[in-house]
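A quick write-up on the structure given underneath.
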Amino acid sequence: MSAERFGVQEARQRFPELLVRASKGERLVIQRHRQDLAAIVPLQDAAGGPSSQEAMENLLSLKGSAKERSAQGRTPGAAGAKARFQARQLGPGSRIALDGSALVAFLLDDPDISRVLEPVLQGIAQGSWQGVISSISLMQVMETALRQGDEALALRYSAAFANPRQWLQVPLDGDLALAASRLQQQEPELEFHHAIELATAIQNEVAVLVTADGDLAQTALHPVLPCRSI
């Protein structure tokens, strides 16, 4: 997403507003005589850290990164998704949870999963929404690389989720475990990892949970976007 540009006089008049926008992750350029002169950037950028866009592009660029070595791990015969992601359904700042089944399939370059996930990841990249990932899902993603003996790829996966402005990583603690156990009481057929994914989504006020797991997609406990037909 290109930086918005302002003339010196306009920037001076709107400086408090521009500071607030920069603090939320925007990069703003100041021009003089239509030539770029300076920039107002988030503190993380000024300190040399990756911008939000750059961090998310790292994840998008990893699409298919696990495919060559793990072709046998891909689920065959995937049908088209039952529901397609509609950006207009979510307001600015909404949180979207992605579980391990969806992310791993994306990394394996599953075309049906990619059609659903790419607009989601682009929205997170642009700062429209925040991604949420549980510790279990993050472990599934890392395992995809480590199962191949590729430590470097696992580190790239870890870095792709490291930007706190884009991704909220949710650890499994006692409160979350208790919430997941209560969900299993409501839906006894829930697997424990499904209950944890749902508890993560509910406790963090996620608008929708994206999954490629057909069993999880059947839940009535929280809105779910299935990446496959169910």
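The values are calculated or read from the model by the stated rules, or taken from the named source; none is laboratory data. All of these numbers come straight from a predicted model, not from anything done at the bench. Please note: Cβ atoms are built from the backbone with ideal geometry, for glycine as well, and neighbour counts cover all protein chains shown. In case anyone asks, the SASA skips ligands and DNA or RNA and just uses the protein heavy atoms, side chains included. Shrake-Rupley method; radii C 1.70, N 1.55, O 1.52, S 1.80 Å.
Given the peptides 221-227, 174-180, 60-66, arrange them by the average over their residues of other C-beta atoms within 10 Å, most packed first.
Numbers: 221-227: 20.4, 174-180: 14.4, 60-66: 17.3.
Ranking the peptides 221-227, 174-180, 60-66 by packing returns 221-227, 60-66, 174-180.
Computed from the C-beta positions of L155 and F192 and an R0 of 35 Å, the FRET efficiency is 0.80 to the nearest 0.05. The figure for D150 is an accessible area of roughly 30 square angstrom, using a 1.4 Å probe on the protein chains alone.
First measure r as the distance between the Cβ atoms of D215 and Q126, then evaluate 1/(1 + (r/R0)^6) with R0 = 22 Å and state the FRET efficiency to the nearest 0.05.
Numbers: r = 32 Å, r/R0 = 1.45.
The computed FRET efficiency comes out at 0.10.
Residues S158, S94, sorted by accessible area with the largest first, give S158, S94 [1.4 Å probe; ligands and nucleic acids excluded].
Could you please tell me the mean projected area of the C-alpha convex hull for segment 103-230, averaged over all directions and given in square nanometres to one decimal?
Details: hull surface 31.8 nm².
Approximately 8.0 nm², given one-decimal rounding.
The phi-based Karplus calculation (6.51 cos²θ - 1.76 cosθ + 1.60; θ = phi - 60°) puts the 3J(HN,Hα) values of segment 121-138 at 5, 5, x, 5, 4, 7, x, 6, 9, 10, x, 10, 9, 7, 5, 5, 5, 4 Hz, whole numbers, x for Gly and Pro. Distance from the alpha carbon centroid of segment 85-160 to that of segment 1-25 works out to 31 angstrom. Taking 0.36 nm per residue of separation and subtracting the current Cα-Cα distance, fully stretching the chain between Q203 and M139 would add 21.1 nm. So if R0 is 25 Å, what FRET efficiency would R5 and A162 give, r being the distance between their Cβ atoms, rounded to the nearest 0.05? Between R5 and A162 the formula returns 0.30.
Under 19 Å from a label point set 7 Å out along the Cα-to-Cβ vector of S61, the amide N atoms of segment 1-37 belong to 1-3.
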